[in-house]
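Asker: My questions all concern the structure below.
Throughout, read-outs are computed from the coordinates displayed, never taken from laboratory work. Values in this document were obtained by computation on a predicted structure and should not be read as measured data. Methodologically, a virtual Cβ is constructed for each residue, glycine included, from the backbone with ideal geometry; neighbour enumeration extends over all protein chains shown.
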Amino acid sequence: MLEIKDLQIHYGSIKAIRGINLKVPDGSIVTLIGSNGAGKTSTLRAISGIIKTAGGSITYNGENITNLHPEKIVKMGICQSPEGRLIFSNLTVEENLLMGAYTRKDKEGVKDDLEFVFSFFPRLKERIKQLGGTLSGGEQQMLAISRALMSKPKVLLLDEPSLGIAPLLVKTIFEKIVALNHSTGITILLVEQNANLALSVANYGYVLETGEIILEGKADELAKNEEVRKAYLGE
Amino acid sequence: MQVKSKLLFLSSLILIFVINLFAGSIDPYFYTVIIYIGINIILATSLNLINGYTGQFSLGHAGFMAIGGYLSIALSTYFAPFFQNTFGTGVFGEAITFIIVLLAGGTAAALVGLLVGVPSLRLKGDYLAITTLGFAEIIRVVIQNMDVIGASQGFRGVYIYNNGVKAPQMVQDLGEMSNIFYAVPKFTNFFWTFLFVAIIIYYVHNLINSTYGRGFLSVKDDEIAAESMGINTTKFKVSAFVSGAFFAGIAGVLYGHFNLYLNPEDFNFLKSVEIVVMVILGGMGSMIGVIIAAVLLTILPEFLRSVSEYRMIIYALLLIIMMLTRPQGLFGFKIKRKKL
């Protein structure tokens, strides 16, 4: 289980995250929803060790991973597909995927996983030798998720997988996310602005607003919640 | 592919060796230009590893070159008697001496690269450029004030007096005392220069095409994404910086032992810019492009000698036109590499 206690993140004098608590049980899909600037990406980056925390703790299976080097966190099985599909545009699709497996030493396993992600996203196989930068937005998102999967994570952190993608593809990608969770039992922490979509696939949800968690609950209950509907579902 | 590049590397070594046998019959002027081409290829390719492949903008390459150059000529003059007694003055003795000073020059530059790289590579873009520029200027000013290597008058050799006093200039107080002047030995020739050209091309080529080497490209493409994948970006930046500095040091050694005279002004800001221009003109991250740019930018000023005083104006104009018409460089930004 991934557990966050009283997490605080500061950018200079700005307090982006002001003491949040979060639990991601093994095998579940947990979503963190909230509007722009609420601190969702900061939270994910802190889990990955890309930015330093100002206080609080992040533990994974009881082990403290707060402010560990990103390399070590990836090795422990927590990998992120970053916001805005930060793929390596000068590397081919295949090379991008191999970069995802950078921390792994088992060559055979990497080969198998390459086949696995290709079976999951056949579109990527068609584009295998293409440079990452020439893919469409949706394909880049598939690549970013697949690249994260190549590290064989136990916990997958997804940062806004729906951002800037055609609605039809968004649906496909979310179906894939659920299928992935069902078939491999991978734990997923999903950060989304599209609250409706996120709550429809998640088991549990947290609502983040200006650095604080204002609501939490089972995803289906949150989706019915008056406040959430008003603030995030446009009703 | 691995085998093919190894074969290519070995055959180029043989070719370099054979050409070297005929080097004596090459016109001295052309020979000089050819050696400078080689040195510039080493400088530009090593900077390309930092600026082109890893995407860190370093403006201090002349500084590393200065460290390698000065340290090596100081070694090969101050310790000339030692080297001559130990290894002799034959071809082999000189070769061993040269290998020692080459490695010393390269290693010293690499160590300084590490020292500068670790703190400054946290900076990005223009900040890094300014830091590295400042560092190169510090090196130059320090050399300018070190009497033991000739300070601002430059360094061409050492007077070793009978009583053991060593100085780069005649010592007035010692008057008539007999001394021997050890000039910087002319070790650099076609073979050594192009041996290192072959080595750096082989090294960078294989590095960039390896699994490890893709780390450099990923750091350039997107640091956050690279970190998310568990890639230690600082390690890659520092290792690019250190190996780039090593080869810049080697280039300095070659330059010193060819020119037989070094002056701090050889390593001023303009020298660093000149190398950066080669990388940008060739196309950041394009091996072939950068090599061609290094060759062109060495030859061009020579061709323009006929128009004497307008030379540098035309040179500058050509650069401007080039940047306006092909801002991505001769061979573009796209990194041409072999397929997996």
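Asker: Within the stretch A:16-127, considering only helices (runs of 4 or more DSSP H) that don't extend past its boundaries, which have at least 2 residues that are out of contact with any Phe, Trp or Tyr (no Cβ under 8 Å at 6 or more places or on another chain) and either among the β-branched types (Val, Ile, Thr) or closer than 23 Å to B:Asn232 by Cβ (or both)?
Answerer: A:40-48, A:70-75, A:93-100, A:107-120
Asker: If you don't mind, another one. Name the residue that is nearest to the other protein chains (Cβ to nearest Cβ), counting only residues in the stretch A:131-144 that are over 19 Å from B:Leu217 (Cβ atoms) and in a helix (DSSP H, G or I).
Answerer: Among residues in the stretch A:131-144 that are over 19 Å from B:Leu217 (Cβ atoms) and in a helix (DSSP H, G or I), the one nearest to the other protein chains (Cβ to nearest Cβ) is A:Gln141.
Asker: Now, a different point. Identify the residue in the stretch A:40-77 that is within 11 Å of another protein chain (Cβ to nearest Cβ) and polar (S, T, N, Q) and, among all such residues, is surrounded by the most Cβ atoms within 10 Å (Cβ to Cβ).
Answerer: So the residue we want is A:Ser48.
Asker: Report yes if B:Ile224 is assigned to a loop (DSSP other than H, G, I, E, B), aliphatic (A, V, I, L, M) and more than 25 Å from B:Val33 (Cβ to Cβ), otherwise no.
Answerer: no
Asker: Let me ask something additional. Quick one: how many residues across the stretch B:227-255 are polar (S, T, N, Q), in a helix (DSSP H, G or I) and at the interface with chain A (Cβ under 7 Å from one of its Cβ atoms)?
Answerer: 1
Asker: Can you work out which of the residues in the stretch B:256-298 that are outside any helix (DSSP H, G or I) and either touching a Cys at 6+ places or on another chain (Cβ under 9 Å) or among the hydrophobic types (A, V, I, L, M, F, W, C) (or both) is surrounded by the most Cβ atoms within 10 Å (Cβ to Cβ)?
Answerer: Only one residue fits best here, namely B:Leu262.
Asker: Considering every residue within the stretch A:151-167, establish whether at least one is on the phi > 0 side of the Ramachandran plot, surrounded by fewer than 22 Cβ atoms within 10 Å (Cβ to Cβ) and either within 14 Å of chain B (Cβ to nearest Cβ) or part of a strand (DSSP E or B) (or both).
Answerer: Yes: one or more hits.
Asker: Just the residues that are more than 15 Å from A:Thr43 (Cβ to Cβ) and in contact with a Gly (Cβ under 6 Å, 6 or more places away or on another chain), please, taken from the stretch A:188-209.
Answerer: Correct list: A:Leu199 only.
Asker: All but one of (1) more than 9 Å from every other protein chain (Cβ to nearest Cβ); (2) in contact (Cβ under 8 Å) with a residue 60 or more places away in the chain; (3) within 30 Å of A:Gly211 (Cα to Cα) hold for A:Ile87, so report the exception by its number.
Answerer: (1)
Asker: Out of A:Gly164, A:Gly138, report the one residue that is under 25 Å from A:Ala231 (Cα atoms) and of a type outside the set (D, E, K, R).
Answerer: Among A:Gly164, A:Gly138, only A:Gly164 is under 25 Å from A:Ala231 (Cα atoms) and of a type outside the set (D, E, K, R).
Asker: Residues of the stretch A:90-117 being touching a helix residue (DSSP H, G or I) at 6+ places or on another chain (Cβ under 7 Å), among the charged types (D, E, K, R) and within 7 Å of chain B (Cβ to nearest Cβ), which ones?
Answerer: A:Glu95
Asker: Please work out which one of (1) surrounded by fewer than 21 Cβ atoms within 10 Å (Cβ to Cβ); (2) of a type outside the set (Asp, Glu); (3) over 30 Å from A:Gly77 (Cβ atoms) is the condition B:Val238 fails and give its number.
Answerer: In the conditions (1) surrounded by fewer than 21 Cβ atoms within 10 Å (Cβ to Cβ); (2) of a type outside the set (Asp, Glu); (3) over 30 Å from A:Gly77 (Cβ atoms), B:Val238 misses (3) alone.
Asker: Working only within the stretch A:37-75, note down all residues that are farther than 16 Å from A:Leu22 by Cβ, touching a residue at least 60 places away in the same chain (Cβ under 8 Å) and more than 16 Å from the chain's Cα centre (by Cα).
Answerer: A:Gly37
Asker: Which one of these does A:Ile128 not meet: (1) more than 10 Å from chain B (Cβ to nearest Cβ); (2) surrounded by fewer than 22 Cβ atoms within 10 Å (Cβ to Cβ); (3) touching a helix residue (DSSP H, G or I) at 6+ places or on another chain (Cβ under 7 Å)?
Answerer: (1)
Asker: Considering the stretch B:158-208 alone, what residues qualify as being small (Gly, Ala, Ser) and assigned to a helix (DSSP H, G or I)?
Answerer: Start the filter on the stretch B:158-208 by keeping residues that are small (Gly, Ala, Ser), which leaves B:164, B:167, B:175, B:178, B:183, B:198.
Residue satisfying the conditions is B:Ala198 alone.
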